[in-house]
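Input: a single structure, listed below in structure tokens.
The values are calculated or read from the model by the stated rules, or taken from the named source; none is laboratory data. Just so you know, these numbers come straight off a predicted model, no measurement behind them. Heads up, the Cβs are rebuilt from the backbone with ideal geometry, glycines too, and the neighbour counts pull from every protein chain shown.
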Amino acid sequence: MTNSVVILLGANLGDKFSTMANAVEELKNSVGEISKISSIYETDAWGKEDQPSYLNQVVEVQTGISADDLIHITQDIENKLGRVRKEKWGARIIDIDILFYNHDIIDLENLKVPHPWLQERRFTLEPLTEILHNYIHPVLNLSIRDLLLQCDDPLEVKKLVKETNHPTY
């Protein structure tokens, strides 16, 4: 069975563009076919503001991997790319969050899907709206576009131009 998984990538340390591209390649190699990919967006840090700005991107992946296995694979990719977990919402070389897994509602100790805070974060909703604006949130029963319109997150999210010479795009 093929599952549609929506993933948010975030990076704010090191060569952010290169790390994001490497994360996309790792998802292709370890998870499945990328069916949609957003532009890269830049925003100030959310939650803990005394750190560099973030780049964020949303990808939709088609996979046969279960949600329980997927969380371990995405954490392995983070580790492979140099992620070190020091503090909640702290700076990181890469962050890979599972936003949606089909239209499933998953409540495991190490995985909550839909991602519990996505509706509060403009940096998630902007790239998500770009590729899945009509997707209906399975808990809130609102489209991604409507969630963005209702979002009161004040952080500015800037869409960056995709680099045409990059093999991922």
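Please state which one of ASN134, ASN141, ASN102 is modelled with pLDDT of 95 or more, surrounded by fewer than 17 Cβ atoms within 10 Å (Cβ to Cβ) and under 17 Å from the mean Cα position of the chain (by Cα).
Going through ASN134, ASN141, ASN102 in turn, just one is modelled with pLDDT of 95 or more, surrounded by fewer than 17 Cβ atoms within 10 Å (Cβ to Cβ) and under 17 Å from the mean Cα position of the chain (by Cα): ASN102.
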List pairs: first residue in segment 67-79 and loosely packed, with under 13 Cβ neighbours inside 10 Å, second residue outside any helix (DSSP H, G or I) and among the aliphatic types (A, V, I, L, M) anywhere in the structure, Cβ distance under 7 angstrom, at least six positions apart or on different chains. ASP68/LEU108
Within the set of pairs 6 or more residues apart or between chains, which connect a residue that is assigned to a helix (DSSP H, G or I) inside segment 5-31 to a residue that is among the acidic types (Asp, Glu) with Cβ atoms less than 9 Å apart? LYS16/GLU42; PHE17/GLU163; ALA21/GLU163; ALA23/GLU78; GLU26/ASP76; SER30/ASP76
Members of segment 53-84 found to be of a type in the set (A, V, I, L, M, F, W, C), more than 15 Å from the chain's Cα centre (by Cα) and closer than 17 Å to MET20 by Cβ, listed by number: LEU81
Failed condition for ALA91, given (1) surrounded by fewer than 20 Cβ atoms within 10 Å (Cβ to Cβ); (2) out of contact with any Pro (no Cβ under 9 Å at 6 or more places or on another chain); (3) under 24 Å from ALA21 (Cβ atoms): (2)
Take the conditions at pLDDT below 95, in contact with a Gly (Cβ under 8 Å, 6 or more places away or on another chain) and not β-branched (Val, Ile, Thr) and apply them to TRP46. Does it pass? no
